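Values in this text are rule-based calculations from the coordinates and carry no lab data. Model, not experiment: these values are computed from the prediction.
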Amino acid sequence: MIGFDFDVAHLLAGGLVLVSFLLLYQDRLSALLNIFALQAFVLSLAVAWQAYVQDAPHLYVTAAIALLFKAIAIPVALHRMIVRLGIHREIETVAGIGLTMLAGVGLVALSLVVLLHATAAENALAREDIAFALSVLLLGLLIMVTRRNAVSQVVGFMSMENGLVLAATGAKGMPLVVEFSVAFSILIAFIVIGIFLFRIRERFDTVDIEALDRARGGNR
Amino acid sequence: MTLVPFDPVLAVLAIPAATAALLVLVPGYRLSAGLNVAGSLLTFLVTLLLFIQRSPPNSYVLIDDLNIVFIALNAFVGFTTSVFSASYIGHELEIGRLTPTYLRFYHAMYQVMMFGMNLALVANNIGLMWVAIEIATLATVLMVGIYRTHEALEAAWKYFILASVGIAFALFGTILVYMAARPVMGEGYQGMIWTMLVAHVAQFDPELLNIAFIFLLLGYGTKVGLAPLHAWLPDAHAEGPTPISAVLSGLLLNVALYAILRFKLLLARNPHALSPGPLMVTLGLVSVLFAAFMLYRRHDIKRLFAYSSIEHMGIIVFAFGMGGALANFAGLLQMTMHSLTKSAIFFAVGHIAQVKGTQRISEIRGLTVSHPLLGWALVLGVMAIAGLPPLGIFMSEFLVVSSTFARAPVLAVLLVIALLVAFGALLMRLQGLAFGEPVGSVAPVRASYVPLFGHLAIVLVAGIYLPPVLVVWFQHVAQMLG
């Protein structure tokens, strides 16, 4: 049974890394959001499986947050937002896709080498989980670095955070995991609202901002 | 044994939290500014009680000789800045840059930020410390963007994104520390309590601890403003309200530094873990060198001093990285002096930018002629921050350099070069700002001189005479930092 537990956890964590790769090369915003929803869904499965394996019922809460908030609420809200802002077809990648994928492979290799070596004393499940989690974290960072659009940067950040949740649930018996995921959800909600307000300011309130600039006597 | 009928630690947290809640409800700028000052003063007075009565550490809070220095400094500068803020914000309201609604929000956020910083400093749980630093950061992000100009929003966004990456790295490091602790200490809360971690850290897996420290150093280092991760800092300083620039430079950077020091102490107790010193020395030195050269190309007065903050945080991290009793002592002294001097400079700069209506260095000239008190205060402040004797920073920088010369002459030479470059840049800018024919508005300014000259007086006195009590205390903490 231990073997089966391990295999499923491994499959789900590995799936998360795979979906991170899918995120890397999406060149339309709406597709990016769909893949992100898929990633959050896989995460919620992975967390729920950890809750079952570790017999830690509070992790089901984290899984539920991942499912309801990150896989459903946030992607829906962002979809509506990009349509309203008229940027749902846009995407800008700084480096070429091939190069980005190569960098992604490098990052995953790096995290596997570093963490599998360092956590030799841990049990296999925690080892692989934490190594996959670091991969997801670094891939999320790569997304943030290669994109300029605010929405795709947020997707990158949320993907980093998915890696963190995977790491926290993989560390058996870690306290405060649910609190961390709630705190991050609030943070993300803040960011999303922020983008929305930011864009609106840029588009509709230009007059207001010019008035403020005059009061300051120039821009700088 | 108890001299005070209540637990001062709880009061240090409860007062800012309660004041914040009250400020949300109170309308009117005068009342809320007054409440902000009163709340900050009360917090500062209560911190002084910590020196006479401290409760034993429990699973949430810890008071020891190290963090008491940070807390007292934090509360003091928090209080003086609230006094400055009262006069600064009044002017912003008059010229219509801020509306009463935003002011109410601003004052509440000020206390939320103080609460977050105090919680981070007293936290004994590394998870709690992480959450607290996030609270403080979020509050400052909101305040940086408060003017709603394009630049302010952009600065807030940049700060937000970079701070979020820092957040993520720091949390990953925290998780790794827990994973390292688990095989030794078992599952559950004890694996995150700092005092218990320190007691058992010698048996942790050193490799896991090493990786954890690197993540923590990068994560919290982002907030300290160390060189490759500093990009948010100048924007956040330049575009937000000046009182926020003062507390960012004077306090929030210190709080993040404190988190790094705590984890450095943890690593120092594990004989097989890497020594954190060289990493910190490298990051510190790179920051000093980078910032020193960047100082030459600044055109915005607040950005200029923001880069000077990067330089000084670099010196402090360098000093703590070198380690040993003398360098740690110098680092502590440098940190205290920098907080006081830099916030004083921002007080002066805030009033100057208000009266001149600009932050461009080229449009500000001859301050000592048009506004003698403000102008000379700025001269004094810049002389102090540049490290001229007999002011306090000269002494701490001298100690850093001399203790480094004895152990690593090459590093000391690099550090001295950077210090001289920064010195030149600051004096060159000061020349134009303070002397010559006045340019721009010469209208009289209603400044709050008490916090400004109060800070400068402390810095001056500390450069000439350090009270023995303080010396003994700092020496003791320096020993503790190893």
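Taking the helices alone, the protein assembly as shown has a mean residue ellipticity at 222 nm of -26500 deg cm²/dmol, built from -39,500 (n - 2.57) per DSSP H run of at least 4 residues and averaged over all its residues.
Taking the convex hull of the alpha carbon positions in segment B:1-113 and averaging its projected area over all directions gives 7.4 nm².
Considering lysine pairs in the protein assembly as shown that are 8 or more places apart or on different chains, how many have Cα atoms under 18 Å apart? Walk me through the intermediate numbers first.
On the way: B:Lys158/B:Lys223; B:Lys158/B:Lys302; B:Lys223/B:Lys264; B:Lys223/B:Lys342; B:Lys302/B:Lys342; B:Lys302/B:Lys356.
Counting lysine pairs in the protein assembly as shown gives 6.
Hey, what D do you get for segment A:160-199 in µm²/s if you plug the Kirkwood alpha-carbon radius into Stokes-Einstein at 10 °C and 1.306 mPa s? Value of D from the Cα-based Kirkwood radius: 142 µm²/s.
Quick one, what does Rg over Rh come out to for segment B:276-482 if you take C-alpha atoms and the Kirkwood Rh? Could the numbers behind the result be given before it?
On the way: Rg = 17.4 Å, Rh = 17.3 Å.
Rg/Rh: 1.00.
If you take the Cα centroid of segment B:27-61 and the Cα centroid of segment B:141-187, the two points sit 26 Å apart.
Can you give the relative contact order of chain B as a percent, counting alpha carbon pairs under 8 Å and 6+ residues apart?
Working: 808 pairs, mean separation 68.6, N = 482.
Result for chain B is 14 percent.
Between segment B:86-125 and segment B:193-239, what is the C-alpha centre distance in whole Å? Here the answer is 27 Å between Cα centres.
Chain B: Rg/Rh from Cα coordinates, Kirkwood Rh? All intermediate terms of the calculation are to be shown ahead of the outcome.
Working: Rg = 21.4 Å, Rh = 22.4 Å.
Using only Cα positions, Rg/Rh for chain B is 0.95.
The angle separating the long axis of helix B:65-94 from the principal Cα axis of greatest extent in chain B is about 30 degrees. Angle of helix B:372-386 to the longest C-alpha principal axis of chain B, folded into 0 to 90 degrees and rounded to 10: 30°. Spread over its residues, the convex hull of the C-alpha atoms of the protein assembly as shown is 152 Å³ per residue.
For chain B, the longest principal axis of the Cα atoms and the long axis of helix B:100-122 meet at an angle of about 30 degrees.
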